[in-house]
Amino acid sequence: MEKGELLYEGKAKRIFETDDEGVLWAEFKDSATAFDGVKKGTIKKKGVYNATMSAKLFAVLERAGVATHFEKQFDERTLLVRRLEMFPVEIVMRNRVAGSLAKRYGLERGTVLKKPLLEYYLKNDDLHDPMMNRNHVLVLGYMTERTLSHVEAEAAKVNRVLTNYMKDRGLELVDFKLEFGERGRKIYLGDEISPDTCRIWDAATGEVFDKDRFRFDLGEVESHYEEVVRRLTA
């Protein structure tokens, strides 16, 4: 597979065309940002860790019946993925209180939610990814009722599968972000699943194994990324 023209460069990845029109080359970067890009830095080998973890968890989800854009891991920081038309809506699933949920509602960090909480955000950096409700998604035309219902069901399934998978490895999936897209009439899970897009804590101690270590200067960022990937791919 040959890498072609650069199509897009974001905060975490560079996306290239390939010699197959239906397949893209996703190259994961070591750069890190937080707080809407206010904080910037580099996490050594982050691209390697995120590509490896994404490849593993996409494969886990595929075996569980979730359609993903993942084709194969080309090298240590590159995935080959299906070309999708992405929906401009980020789906956030929450199992415990953390991050913006704690801040918005004055809730205690770590509180277990009565059931998983699904939230919607418009994917728009210029508008700082505003939160939406279900009616916004439908009335503003970002998804149809049928598509949104399918995405919601898939997000719930992803949560069940990954929660159980991580639990077996001594980890707790606190919350995470998903992005979906379509090709033809089929909907696929896209983007990545990594310590950048998930909050992951040690199930016994509550130790943080995700990008909050970078956000809040907790230290030992690289070693914790390495450890969570080691557990999930062992």
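Brief remarks on what is shown
- Among Ala51, Ala98, Ala26, residue whose mean-square fluctuation peaks in a GNM of the chain (springs only between Cα atoms under 10 Å): Ala98
- Low-density loop positions, GluC sites (Glu not before Pro), region 1-104 - DSSP coil, at most 10 other Cβ in 10 Å: Glu2, Glu21
- Options Phe180, Ala155, Gly219, ranked by Cα towards positive dipole end of region 85-220, top entry (Cβ charges): Ala155
- Two-decimal Rg to Rh for region 184-229 - Kirkwood Rh, Cα set: 1.15
- Of the GluC sites (Glu not before Pro) in region 95-184, those whose Cβ has at most 15 other Cβ within 10 Å and which sit in DSSP loop: Glu108
- Net lengthening on full extension, Arg185/Ala67 (0.36 nm per residue, minus Cα-Cα): 41.2 nm
- Within the listed set Pro88, Pro130, Pro116, the residue fluctuating most in the Gaussian network model of the chain (springs between alpha-carbon atoms under 10 angstrom) is Pro130.
- Structure-based [θ]222 nm, the chain - -39500 (n - 2.57) summed over DSSP H runs of at least 4, per residue, nearest 500: -9500 deg cm²/dmol
- Across Lys13/Lys44; Lys3/Lys40; Lys40/Lys72, pairs whose alpha-carbon gap is larger than 18 Å: Lys3/Lys40; Lys40/Lys72
- Note on Lys103, Lys115: ascending count of other Cβ atoms within 10 Å places them as Lys115, Lys103, the fewest first.
- Highest-MSF residue in the chain out of Lys29, Lys114, Lys123 [GNM, Cα springs under 10 Å]: Lys114
- As a ratio to 2.2 N^0.38 Å, the alpha-carbon radius of gyration computed for the chain takes the value 0.97.
Coordinate-derived values only; no laboratory data. Just so we're clear, the structure is a prediction, and the values are computed from it rather than from any experiment. Reconstructed Cβ throughout: ideal geometry from the backbone, glycine too, with neighbour counts over all protein chains shown.
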